[in-house]
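Following: one structure in structure tokens, then a few remarks.
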Amino acid sequence: MSKYILLRHREIPDINKLDVYKKNGGFEAFRNAVTAMKPDEVTEIVKTSGLRGRGGAGFPTGLKWSFMDNNNWPHYVVANADESEPGTFKDREIMESNPFQFLEGVAISSYAVGANAAYVYCRGEFWQVAHYLDEKIAELEEAGLLGENLFGTDYSLRIYTHLGAGAYICGEETALLESMEGKRGQPRLRPPFPPSFGLYGKPTVVNNVETLTNVPLIITNGGQWYKDLGTEDTTGVKVFSLSGRVKEPGNYELPFGTTFRELIYEHGGGIIDDRPVRAIMAAGASSALIVADDKALDTPMDYASVRELNADLGSASIIVIDDTVSIDWVLNKTVHFFKHESCGKCTPCREGNYWMSHIIERIHDGEATQNDVELLHSVANQIQNKCLCALGEFSIQAVMTGIERFPQDFEAAVK
Amino acid sequence: MNKIAEKYADEIQKIIAKYPPEEKRSAVMSLLYIAQREDGHVSKQDISEIAEILEMTSTEVATLIGFYTLYYDKPGAKYRIQICNDLPCALRGADEFITKLCEKLGIQIGETTEDGLVSVEAVMCLAACDKAPMFQVQTGDGLEYHELQSVESTMELIEKWKAARDSQVS
């Protein structure tokens, strides 16, 4: 049994070359889908696999595909390669090192939803990645694996890259679509959701890079094969991005259900200078702060189990915090990020993050009183549930749980 | 006369062809990058030329420059060193790295060296958290990642840019 499903470049040298990728079964799943399967059958296999979106929301992928409005054409597929969450760096490794498997995933999903055009929306900072993908797409067109009348059928598909220009909010799918349409990337009111009103108002599936990279092997090996991996709640494997105060930060592909302890200590080599771990952020800067006690460390990382810690697994971007920093410093960092990245559309997020940044700076500079800590908590509380997209929610997770779960750090910081 | 349309006619046609014929506007972000290629920023003239090519208003084009961080409406350094100091990078020494690099260059965060060659900017997450300290270098011509950096390795890079500039001048 191969160790990797996604990060196969770590096992198969030169899998970023088309002949090597093909020798290892590459594009057989796409060929088989297009020549021998109906689009609905492809979607059914993905449904059976239990695959859920890897961008953070965890929505069942096959179900999303089945929502596409078949009374409105053309259909589009957009791969979300806007990877911008602090702590997340998995999609970049996949696209740089195993690009064909990702592109085959885009191709299969396009066939499944009847799209003849697919776009890969890369964040502007992925300039080099986007140009690299352009080369790979050109190779596929030359090899007859993308283009008109594929494999002698009447199915045609073109894939294009589209480069953003620096905006975290464009990772939110409706903001991403606005950006693709040449506008400022600001979220749309939902519903309608993209499968009924997406790119140019047409039915659109937006899927994360990692999600799509799972698809070729699911089609090859079957939905049940994938479902048997991971846990009952969250099937399959995940690329966990491990960062912060660990000895060996990096991407680790592991089954869902692996414990925090195993990831941090066995794979990540433990904490720098063997210090104690204090807090864990499981979904990047958007996370609640988890108190890293034995119970938390032994919690299996799947969506449901992490929820029991009153936190979310999200995109599984595990930021490890030790006792060399204080939690008010951590909040100063996360709030600064969200203040910068708020798109400005919803007042609670735009104004709330501005005020939160002023208050947390005052606290961190030692110029605040306990009243300011309560004020900060209250501002965060008032952002909750009042914004069009999740950015507003994300921005308050660390603030509220930091104050609630690490009060001693704030007592020490105020006058 | 539309200079951008003339000078980059083929390239612009290829970009527009990626999108449905009635959705030319989708090409605007790529065209803004083209406008930045020569002198690192988008001028008022560039804005009206892009607007004309894509049948948008100048306001619709200009609003994007303010919204997206990689576009500039004023000239800046030839090489913009954009260092991530978000939480994961800061947990691995990014703040200290910025401070020391700025000291070495004799500038503050956000400033440009006197010769106009280099600026140091603190930016948001660049999806390389395991390789901090890291930065991207933005020029008019594109972006390049530099990971696991030190002040020494960065100064070596800057020396190379200086040498390249000096050889061009002579």
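A few points about this structure:
- Filtered residue count, segment B:137-160, keeping only those that are touching a Phe, Trp or Tyr at 6+ places or on another chain (Cβ under 7 Å) and more than 19 Å from B:Lys100 (Cβ to Cβ): 3
- Candidates in segment B:44-75 are the residues that are in contact (Cβ under 8 Å) with a residue 24 or more places away in the chain, open to solvent by 40 Å² or more (accessible area, probe 1.4 Å) and part of a loop (DSSP other than H, G, I, E, B); of these, the one that is nearest to B:Trp161 (Cα to Cα) is B:Pro75.
- Test: residue in segment A:153-160 that is surrounded by fewer than 23 Cβ atoms within 10 Å (Cβ to Cβ), in contact with a Lys or Arg (Cβ under 8 Å, 6 or more places away or on another chain) and within 14 Å of chain B (Cβ to nearest Cβ): yes
To keep it simple, each residue is scored yes or no on (1) more than 24 Å from A:Ile264 (Cα to Cα); (2) polar (S, T, N, Q).
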site: A:Asn310; (1), (2): no, yes
site: A:Leu313; (1), (2): no, no
site: A:Lys333; (1), (2): no, no
site: A:Ile359; (1), (2): yes, no
site: A:Ile383; (1), (2): yes, no
site: A:Phe394; (1), (2): no, no
site: A:Gly402; (1), (2): no, no
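- When A:Ala57, A:Ala79, A:Ala143 are screened for being surrounded by fewer than 24 Cβ atoms within 10 Å (Cβ to Cβ), more than 14 Å from chain B (Cβ to nearest Cβ) and within 26 Å of A:Ser395 (Cα to Cα), only A:Ala57 passes.
- Segment A:240-259, subset crowded, with 24+ Cβ neighbours inside 10 Å and among the aliphatic types (A, V, I, L, M), residue nearest to the other protein chains (Cβ to nearest Cβ): A:Leu242
- Hey, A:Thr204 away from chain B (no Cβ under 14 Å) and among the β-branched types (Val, Ile, Thr) or not: no
- In the condition set (1) within 19 Å of the chain's Cα centre (by Cα); (2) within 14 Å of another protein chain (Cβ to nearest Cβ), A:Lys345 is compliant with all but (1).
- Listed by position, the helices (runs of 4 or more DSSP H) inside segment A:41-123 whose residues that are without any contact (Cβ under 8 Å) to a residue 40 or more places away in the chain number at least 1 are A:61-66, A:90-97.
- A:Phe151 being among the aromatic types (Phe, Trp, Tyr) and under 18 Å from the mean Cα position of the chain (by Cα): no
- Of note, B:Asp10 satisfies the criterion of being surrounded by fewer than 19 Cβ atoms within 10 Å (Cβ to Cβ) and acidic (Asp, Glu).
The values are calculated or read from the model by the stated rules, or taken from the named source; none is laboratory data. From a predicted model like this one, the values you see are computed outputs, not experimental measurements. Because the Cβ atoms are built from the backbone with ideal geometry, glycine has one as well, and the counts that use them run over all protein chains shown. SASA here: full protein model, heavy atoms, side chains in, ligands and nucleic acids out. Shrake-Rupley method; radii C 1.70, N 1.55, O 1.52, S 1.80 Å.
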